[in-house]
Amino acid sequence: MDIAFDDIINVNLLKRKYEDYANSLTSGNNIKAIVKDFISFIKQIRLTTFNSVLLGILDEQERIAKKILLIYNIRYILLIFYKSIIKMMINKLINLIKSFLSLI
């Protein structure tokens, strides 16, 4: 397997983008927009990825991110529980991002 200079640059850009998402989610400002952007980012990565391990990680990240959006959309129904559920899911997504970063 040959690794080109472009591959190293792409991995560094990917790592930086994931770190930005983790920091943005940690700050807690406009989470819904951040999660929507993260889902579209994952979909773009998926178009160029053929590695089954990476695809599995992306699937799990997308699944959790979509659950966060679902909870945000029905938060008035779950008004009592939604904050704790969202915090738990955000922490899980951050942990998934950090575990992915440790693989890079």
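Limited to segment 18-48, what total is found for residues that are touching a residue at least 60 places away in the same chain (Cβ under 8 Å), more than 15 Å from Met88 (Cα to Cα) and open to solvent by 40 Å² or more (accessible area, probe 1.4 Å)?
Residues flagged as touching a residue at least 60 places away in the same chain (Cβ under 8 Å), more than 15 Å from Met88 (Cα to Cα) and open to solvent by 40 Å² or more (accessible area, probe 1.4 Å) within segment 18-48 amount to 1.
Any chance segment 49-65 includes a residue that's in a loop (DSSP other than H, G, I, E, B), open to solvent by 40 Å² or more (accessible area, probe 1.4 Å), modelled with pLDDT under 90 and more than 22 Å from Asn91 (Cβ to Cβ)?
First, the residues of segment 49-65 that are in a loop (DSSP other than H, G, I, E, B): 49-51.
Narrowing the set further to residues that are open to solvent by 40 Å² or more (accessible area, probe 1.4 Å) leaves 50-51.
Narrowing further to those that are modelled with pLDDT under 90: 50-51.
Still in the list and also more than 22 Å from Asn91 (Cβ to Cβ): 50-51.
There is at least one residue in segment 49-65 that is in a loop (DSSP other than H, G, I, E, B), open to solvent by 40 Å² or more (accessible area, probe 1.4 Å), modelled with pLDDT under 90 and more than 22 Å from Asn91 (Cβ to Cβ).
Can you tell me which condition Arg75 does not meet? The list is (1) within 18 Å of Ser24 (Cβ to Cβ); (2) part of a loop (DSSP other than H, G, I, E, B); (3) of a type in the set (Lys, Arg), and all the others hold.
Exception for Arg75: condition (1).
Condition first: in contact (Cβ under 8 Å) with a residue 24 or more places away in the chain and of a type in the set (Lys, Arg). Can you find one or more residues in segment 78-99 that meet it?
For segment 78-99, residues in contact (Cβ under 8 Å) with a residue 24 or more places away in the chain and of a type in the set (Lys, Arg): present.
Search segment 66-98 for residues being surrounded by 12 or more Cβ atoms within 10 Å (Cβ to Cβ) and among the polar types (S, T, N, Q), and hand back the single one that is farthest from Ile34 (Cα to Cα).
So the residue we want is Asn95.
The values are calculated or read from the model by the stated rules, or taken from the named source; none is laboratory data. It should be emphasised that the depicted structure is a prediction, and the values quoted were computed from it without experimental measurement. Heads up, the Cβs are rebuilt from the backbone with ideal geometry, glycines too, and the neighbour counts pull from every protein chain shown. The accessibility values were calculated without ligands, DNA or RNA, using every heavy atom of the protein model including side chains. Shrake-Rupley method; radii C 1.70, N 1.55, O 1.52, S 1.80 Å.
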